[in-house]
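Comments concern the structure below.
The values are calculated or read from the model by the stated rules, or taken from the named source; none is laboratory data. On a predicted model such as this, the values are computed, not experimentally measured, just so you know. A quick note on method: Cβ atoms are made from the backbone with ideal geometry, for glycine too, and the neighbour counts reach across all protein chains shown. Surface areas here come from the heavy atoms of the whole protein model, side chains and all, with no ligands, DNA or RNA. Shrake-Rupley method; radii C 1.70, N 1.55, O 1.52, S 1.80 Å.
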Amino acid sequence: MAGLPLVTGATGFAGRHLLARLLESEPSLAAWSNPRGHSHDSSDPRISWEAVDILDAPGVARALEALGPTAIYHCAGIADVGGTWQDPQRALHVNVLGTHYLIEGIRRAGLTCRVLVTGSAHVYRQSSEAINEDSAIGPASPYAVSKLAQEMLAQSAGVCPMIITRPFNHAGPGQSPAFAMSSFARQIAEIEAGQRDPVVTVGNLDARRDITDVRDVVRAYVQVMDRGQPGRPYNICRGEAHRIGDLLDILVGLARTRVEVRIDRALVRPHDNPLFLGDPSRIANEAGWRPAIPIEQTLGDLLDYWRVQLHTRS
């Protein structure tokens, strides 16, 4: 198992897609899963799975020493922005301490491989314009604070070359229904399956978001890992913002039955950012990455994913 690229958080949303992307060019991979997290498919002999708790510092160090990875894609972390308001301590523990333990394990193992840290564009201050990597920093949630601290740890690590990414919103098959697009798609699939009344409940539909397909996002991880400059952050985004209501209209148009949209005031955030738009110029110029999957395909594939999930469970 020694000498393989490693993906931490490999059972997560982006982690699963990253494994699939890497296997297009890598003959085999190492993957870490949380011992108390999502289950994984062990049937693919090209993936060497290991249950590693990112908060177990000695266990992380031992696993890194035994593996000696050739590259590390650090995807392990808490990703639910809204959920961190209810449990900010968990986000700080997993995203910050977990990254610290990974860095210390790398140091102890004497590794020199490149390490990609999946940060977040939520570290930026709210802006009415497209945000680039030199825009003002201003985290506005416990999640964003944890991701900024994670990024700062990576930049000051002084061990392996650290590649910093700041992905904006992304969506696609396998996403948790805690996120808006996946919630809408799941509700529509449940309506089609006769599992709920023909009503999709939603929050604020006027917010505008820069949403990229998760499969494009993980392709960006691979390209920036190969071509990016260590310590230099890279936005991962489409460079165009869509109104949430317009994206919902696309999903409703794909429904196989009539549905009604109803706003639930409890789902409306009191201080929702009206615009979250990124500038992808740096990653395009320096890593040659541009999004390739249209948003309509992303939404259609997400809806199909939930249709399959509900059919499988029934």
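On the beta carbon distance between ALA51 and ALA292, with R0 = 30 Å, the FRET formula returns roughly 0.30. If you line up the long axis of helix 295-313 against the longest principal axis of the chain, both from Cα atoms, how many degrees apart are they, to the nearest 10? Approximately 90 degrees, to the nearest 10. Remark: segment 23-28, residue by residue, has Karplus-estimated 3J(HN,Hα) of 5, 6, 10, 9, x, 7 Hz, where x stands for each Gly or Pro and the curve is 6.51 cos²θ - 1.76 cosθ + 1.60 at θ = phi - 60°. Using a probe of 1.4 angstrom and keeping all protein chains present, the accessible surface of segment 1-145 works out to 46 square angstrom per residue.
Here the relative contact order of the chain, from alpha carbon pairs under 8 Å that lie six or more residues apart, stands at 18 percent. The modelled label-to-label distance between ARG90 and SER28, using points 7 Å beyond Cα along the C-beta direction, is 3.5 nm. Just so you know, the Cα atoms of segment 259-314 work out to an Rg and Dmax of 17.6, 47 Å. Calculated over segment 154-242, the projected area of the Cα convex hull averaged across directions stands at 7.7 nm².
When the chain is treated as a GNM with alpha-carbon contacts under 10 Å, the residue of HIS122, HIS40, HIS17 showing the greatest mean-square fluctuation is HIS40. Of the trypsin sites (Lys or Arg not before Pro) found in segment 87-139, those that fall in a DSSP loop while having at most 16 other beta-carbon atoms within 10 Å are ARG125. Radius of gyration (Cα atoms) of segment 71-175, expressed as a multiple of 2.2 N^0.38 Å: 1.09. Annotation for ILE263 and ARG227: the two label points, set 7 Å from Cα along the Cα-Cβ direction, are 4.3 nm apart. Counting every pair of alpha carbons in segment 1-83, the share spaced more than 18 Å apart comes to 37 percent.
Working from label points 7 Å from Cα in the Cα-to-Cβ sense, the ASP197 to GLN309 distance is 2.3 nm. For TRP289, the residues whose amide H sits under 5 Å from its own are ALA284, ignoring neighbours fewer than 5 places away on the same chain, with H placed 1.01 Å from N.
Near the amide H of SER48, within less than 5 Å, lie the amide hydrogens of LEU29, ALA30, ALA31, all on another chain or at least 5 residues away, with H placed in the peptide plane. Would you mind estimating how fast the chain diffuses translationally, via Stokes-Einstein at 4 °C and 1.567 mPa s with the Kirkwood radius over Cα pairs, in µm²/s? Taking Rh from Cα pairs, D becomes 64 µm²/s.
Karplus-derived 3J(HN,Hα) values for segment 240-253, using 6.51 cos²θ - 1.76 cosθ + 1.60 with θ = phi - 60°, are 8, 10, 10, 5, 4, x, 5, 5, 4, 4, 5, 5, 4, x Hz; glycine and proline are entered as x.
Nonpolar atom fraction for the chain, defined as the carbon and sulfur part of the 1.4 Å probe accessible area, stands at 48 percent.
With all pairs of different C-alpha atoms in the average, the Kirkwood value for the hydrodynamic radius of segment 217-314 is 16.6 Å. Close amide H pairs (under 5 Å, H built 1.01 Å from N) link ILE131 with LEU277, GLY278, ASP279, residues at least 5 positions away or on another chain. The orientation-averaged shadow of the Cα convex hull for segment 143-184, equal to a quarter of the hull surface, comes to 4.0 nm². For segment 1-86, trypsin sites (Lys or Arg not before Pro) are listed when DSSP marks them as loop and at most 15 other Cβ atoms sit within 10 Å of their Cβ; the list is ARG36, ARG46.
Compute the long axis of helix 214-227 from its Cα atoms, compare it with the longest principal axis of the Cα atoms of the chain, and write down the angle in degrees, 0 to 90, nearest 10. Here the helix axis deviates by roughly 30 degrees.
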